[in-house]
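Each remark here refers to the structure printed beneath this line.
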Amino acid sequence: MERMAPAPRGGPIVDLQDTDEMIFLLKAVSVSHGRARRLDAASVSVSVLLAVCGLVATVVDRLAVPVTVMGALWAIGYGAGLARWTDGELVRAATLQEMFDVRLFRLPWNVIVAGEPIGVAEVSWLAHRFRGREADLYGYYEVPRLRSPYDVVACQLQNLAWGARVRGRYARVLLGAVGLWSVAGVVVGIVGGLTVTDTVLRWFVPSLGALLLAWDSFRTQREVAGERQRVMAILWDQVRRTVTGSGEVGALVELTRQVQDAILRTRRRNIRVPEWFFARFREVDRRDFQAVVAELSRTVDRSAVASR
C-alpha cells in the first residue's frame, strides 16, 4: 500500500507544495471536498425542487396536499439527518486540508483543536479516487518566495482574505434570496386570493427546507466571514509589529499556529461557497489578493533593508 511521507523539511513553500507527497495529499483533499459538495448540492436541489412544486401548487389544487407533506418531511429529514451527514463529510475534508497546511507550513499538529489526523489508509483510498487534472493541483498557494515565517503568513492571508470576501458576498446573496422568496409568497397569496393558511401551506411549507437551508448557510457564512476578517486584522498587526522591531519573530511564529486553528474552525462551520459562485469573482478577488501579498512583500523587504 502506498504510504505518505512527511513533506521535506527545507525550502520555500512554493516548491514544497508541489512535491509528490503533498500532491498526493491534495488529491485526497479534492476528493473529500467533492463528496461534501455533492451532498450539499443534493440538499439544495431537492429543496429548490420542492419550492418550485410549492409555486405550482398555488394554482393546481390537487398538488397542494402532497407537496405540503413532502415539504414538511424534507424539512424534518434535513434537520434530523442529512445536515449531520453533510457536516461529517465537511469535517473530514477540513481535517485533510489541515493536514496539508500543517505539513506545508511546518507547524505542530494541534490535536486539541483538530483531533486525530486522518489515517494513511483512508487518505490513500481517497487519493486513488481522484479523477481530476493533476496539473490543476500544482501551485496551490499563489505566494512569492518570502523568508520564513512570512511565507506562512502569506498563505494564511490568502485563506483569510479570499475566504472572508467570498463568504460575505455569498451570505448577502442568500439573504436577498430568502427575502425575495418570502415577499413573492405574500404577493402570490394576495393576487391569487389565498387565505393566510393556504399561502403558508402551499407556498412556505413546501419551500421550508430551502428556506431553512438558505438561512442556516447565510448565518454561518456571515459569521465565518466576520471571524476571518477579525483574525486577519490581528495577523497583520503582528506582522507590522515584527517588521518594525516592536514585536518578536517568535511571537509571529506562535501566532501563525493560532491563526491556523482559527482557519480550521471556520472551515468546519459550513460547506464551501459553490464553485460556480467562487469562479464568477475569482479573477477580481485574485487581483485584490495579489495586492495584499505585494504589500506584505514590500513590508518584509523594507524591514530587511532597515536591519542591514
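The values are calculated or read from the model by the stated rules, or taken from the named source; none is laboratory data. Here the structure is a predicted model, which means the values were calculated and not measured. For neighbour counting, all protein chains shown are included, and Cβ atoms are generated from backbone atoms with ideal geometry for every residue, glycine included. The accessibility values were calculated without ligands, DNA or RNA, using every heavy atom of the protein model including side chains. Shrake-Rupley method; radii C 1.70, N 1.55, O 1.52, S 1.80 Å.
Can you confirm whether region 196-207 contains a residue that is open to solvent by 60 Å² or more (accessible area, probe 1.4 Å), part of a helix (DSSP H, G or I) and touching a Gly at 6+ places or on another chain (Cβ under 6 Å)? So far as region 196-207 goes, no, none of its residues is open to solvent by 60 Å² or more (accessible area, probe 1.4 Å), part of a helix (DSSP H, G or I) and touching a Gly at 6+ places or on another chain (Cβ under 6 Å).
Take Ile118 and decide whether it is open to solvent by 40 Å² or more (accessible area, probe 1.4 Å) and farther than 27 Å from Val292 by Cβ. So Ile118 does not fit the description; no.
For the residues Ala177, Ala154, the requirement of being of a type in the set (A, V, I, L, M, F, W, C) and open to solvent by less than 20 Å² (accessible area, probe 1.4 Å) singles out Ala154. Screening region 1-37 for residues that are hydrophobic (A, V, I, L, M, F, W, C) and modelled with pLDDT under 80 and picking the one that is least open to solvent (accessible area, probe 1.4 Å) gives Ala7.
The set of residues in region 220-271 being hydroxyl-bearing (Ser, Thr, Tyr) and farther than 20 Å from Pro108 by Cα consists of Thr220, Thr242, Thr244, Ser246. For beta carbons closer than 7 Å, sequence separation of 6+ or different chains, a first residue in region 133-149 that is open to solvent by less than 20 Å² (accessible area, probe 1.4 Å) and a second that is assigned to a loop (DSSP other than H, G, I, E, B), the qualifying pairs are Tyr141/Gln17. Looking only at region 285-308, residues that are at pLDDT below 75, in a helix (DSSP H, G or I) and open to solvent by 40 Å² or more (accessible area, probe 1.4 Å) come to 5 in all. For region 85-94, check the following and say yes or no: at least one residue is open to solvent by 30 Å² or more (accessible area, probe 1.4 Å), on the phi > 0 side of the Ramachandran plot and not aliphatic (A, V, I, L, M). No; the residues of region 85-94 include none that is open to solvent by 30 Å² or more (accessible area, probe 1.4 Å), on the phi > 0 side of the Ramachandran plot and not aliphatic (A, V, I, L, M).
For region 38-130, which fully contained helices (runs of 4 or more DSSP H) count at least 2 residues that are modelled with pLDDT under 80? Of the helices (runs of 4 or more DSSP H) lying wholly inside region 38-130, those with at least 2 residues that are modelled with pLDDT under 80 span 64-77, 83-105.
May I ask you to verify whether Gly245 is out of contact with any Cys (no Cβ under 6 Å at 6 or more places or on another chain), under 30 Å from Arg298 (Cβ atoms) and at pLDDT below 85? For Gly245, the condition - out of contact with any Cys (no Cβ under 6 Å at 6 or more places or on another chain), under 30 Å from Arg298 (Cβ atoms) and at pLDDT below 85 - is met.
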